[in-house]
Amino acid sequence: MDNQVTAACDDSCTGSEASIESVRSKLINETTAGQLADLFKALGDPTRVKIIHALVQSELCVHDLTQVLSMGQSAVSHQLRLLRNMRIVKRRKVGKTVFYSLDDDHVEQIILLTLQHLKHE
């Protein structure tokens, strides 16, 4: 017999002891839910994750990132533009060189906590 747990309560379930209204009143709104989902979409691409992980280690220019990732400049620039639009990375211009870094500590924390989660057994 298969012992899979089903997602639905059985007919005799009367709910948990949680206050449904309390949970509902604290639920994030549609705008915030959409923004959070967009963040996870941005983090859902392996190339972008590698860029972010490289930037956790050091501020880098586009040339540095192309070397680290063994990718073309246009591909890296495209991903950086998306990450910048999502406020995941920021840029700093020195002369003609543009340096990229993480926008804030929260992005680094998300990446590092996720890596810890993956190593957790």
Taking only the alpha-carbon atoms of the chain, what semi-axes of the equivalent ellipsoid follow from 5 times the gyration tensor eigenvalues under a square root, in whole Å, largest first? 40, 18, 13
Express the accessible area of the chain per residue in Å², computed with a 1.4 Å probe while the remaining protein chains stay in the model. 79 Å²
With charges only on Cβ, +1 for K and R and -1 for D and E, what is the dipole size of the chain about its Cα centre, in debye, rounded to 20? 1100 debye
Determine which residues of the range 65-85 fall in the zone a paramagnetic label at LEU39 would reach in this model, i.e. backbone nitrogen under 17 Å from the point 7 Å along Cα→Cβ. 83-85
Helix-only mean residue ellipticity at 222 nm for the chain, each DSSP H run of n ≥ 4 adding -39500 (n - 2.57), per residue, nearest 500: -17000 deg cm²/dmol
Percent breakdown of C-alpha pair distances by 10 Å bin, ordered from the shortest bin, for the range 41-94: 24, 66, 10, 0
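The values are calculated or read from the model by the stated rules, or taken from the named source; none is laboratory data. Remember, it's a predicted structure, so these values are computed and weren't measured experimentally. Heads up, the Cβs are rebuilt from the backbone with ideal geometry, glycines too, and the neighbour counts pull from every protein chain shown. Accessible surface is based on the protein model in full, side chains and every heavy atom, while ligands, DNA and RNA are left aside. Shrake-Rupley method; radii C 1.70, N 1.55, O 1.52, S 1.80 Å.
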